[in-house]
């Protein structure tokens, strides 16, 4: 006869039940008191995502460092009670995002840290504190609570859109890819979906892992470029509740309507080839993109941009990318210095390939003095140097666009710019040419 698992004691049940119910009731009551506006919903989502993303490793480290430990039965993963983890996410994510309605960031931080200092000792016997638990509390407030609050604050006010976009990209990668992979990698042996030794890709050779990482990086390029396009051109983020203020038809959106959903689908497909259980992510991503996203976001876009959205939707497919960019995409202008040999060569190279919706003009015709190759949109958004070249490559075809998106990555872009400056194509003021420029407009 199999051994029976002892029933949890009443104090443990009370701690776990109250621990999850009280934050949930507080968030629900605040939302019922005053329905959150779209930006508040976005703030709650981002703050909760950051809290989950950081509280997981914090608690795993705390268990190993002896800052605190959990004594619980049922609904436990890696020694962490899932209900208490979710309660902590609500307490340090969604709830403070709502509290910002009436309190400033420093006061919300002080209130929640004070509340946590009271609740942690009261959580015995489920939570047993070690002698250095205040160190873990300090790290939690510094790395989890305060960044979550700042993200919520910036989201509510629409500030620091680029920082919010990069944070959302990191959260998406961490929660949608790294966390599922980690869960599978640490799954107990003997489960029906646990891979055999031959499918444990984390034990593969360094060459295999390097090749897989390169393929994954290539797959991630369109989604990352699309998120960056939302921030740079549209002034928004990928969250449906914090969308761009303008219809974005440049970057990856000149080739495919759903670059981010397509990226997630391909990402799970590649990971699934290495580890079959992750193939389950493919139909989930497809169902979300073709179902909820198409219905909800499509309705929002149609309401916001009317006929412009219908024209764009008719010219760009949802899932199958175009080879050449959509002719109706947002136009760009590249200013090239006529007195710079390498710059003229770049301009001639682009012109010879028939770019779509790109105008090439001498830099001297710009009302300002330009010091580098400069790309500018009709709205006045500007890139210079290597970033300008990368933007111009998006007007050629999908292959060159992918190269441009890779070239736009922060570290790589700065390195290439540094190399270019070292080899003589550094900044110089544009001057009126003595002879007519050879550059012309391209449709």
Any idea what angle helix 341-352 forms with the longest principal axis of the chain, computed on alpha-carbon atoms, 0 to 90 degrees, nearest 10? 90 degrees
When the Cα atoms of the chain are enclosed in a convex hull and the volume is divided per residue, what value in Å³ results? 192 Å³
Starting from the Cα-Cα distance between residue 34 and residue 186, subtract it from 0.36 nm times their residue separation and give me the gain in nm to one decimal. 50.5 nm
Under the definition of Cα pairs under 8 Å and six or more residues apart, what whole-number percent is the relative contact order of the chain? 12 percent
Report the FRET efficiency, 1/(1 + (r/R0)^6), for residue 322 and residue 124, where r is their Cβ-Cβ distance and R0 is 51 Å, rounded to 0.05. 0.25
Segment residue 117-residue 365, length gained on full extension (0.36 nm per residue, minus Cα span): 83.0 nm
Percent relative contact order of the stretch 332-422, based on C-alpha pairs within less than 8 angstrom and at least six residues apart? 26 percent
With the stretch 212-346 reduced to its Cα atoms and the Debye formula applied, log10 I(q)/I(0) at q = 0.11, 0.12, 0.20, 0.21 1/Å amounts to -0.47, -0.55, -1.21, -1.29
Ranked on Cβ counts within 10 Å of their own Cβ, fewest leading, 50, 154, 405, 33 go 33, 154, 405, 50
Please give the helix 259-274 orientation as an angle from the longest Cα principal axis of the chain, in degrees from 0 to 90, rounded to the nearest 10. 60 degrees
Based solely on its DSSP helices, what 222 nm [θ] is calculated for the chain when runs of n ≥ 4 H residues each add -39,500 (n - 2.57) and the sum is averaged over all residues, nearest 500 deg cm²/dmol? -16500 deg cm²/dmol
Estimated FRET transfer efficiency (residue 311, residue 377; beta-carbon r; R0 22 Å; 0.05): 0.75
Work out how much length residue 134 to residue 303 would gain on full extension: take 0.36 nm times their residue separation and subtract the Cα-Cα distance, in nm to one decimal. 55.8 nm
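Rounded, prolate or oblate: which fits the stretch 11-159, taking a ≥ b ≥ c as square roots of the Cα gyration tensor eigenvalues, rounded meaning a/c under 1.5, else prolate when a/b beats b/c?
Values: a/c = 2.00, a/b = 1.58, b/c = 1.27.
Prolate, because a/c is 1.5 or more and a/b exceeds b/c.
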By how many degrees, between 0 and 90 and to the nearest 10, does the Cα long axis of helix 105-122 differ from the longest principal axis of the chain? 30 degrees
Evaluate the distance, in nm, between pseudo-label points positioned 7 Å from the Cα of residue 26 and of residue 280 along their respective Cα→Cβ axes. 3.3 nm
Can you bin the stretch 121-191 into rounded, prolate or oblate? Criterion: square roots of the alpha carbon gyration tensor eigenvalues sorted a ≥ b ≥ c, rounded for a/c under 1.5, prolate for a/b above b/c, oblate for the rest. oblate
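Only the coordinates and a few stated rules stand behind these numbers; no lab work does. Treat the numbers as computed from the prediction; the structure is a model and nothing was measured. Cβ sites come from the backbone with ideal geometry, for glycine too, and all protein chains shown count toward neighbours.
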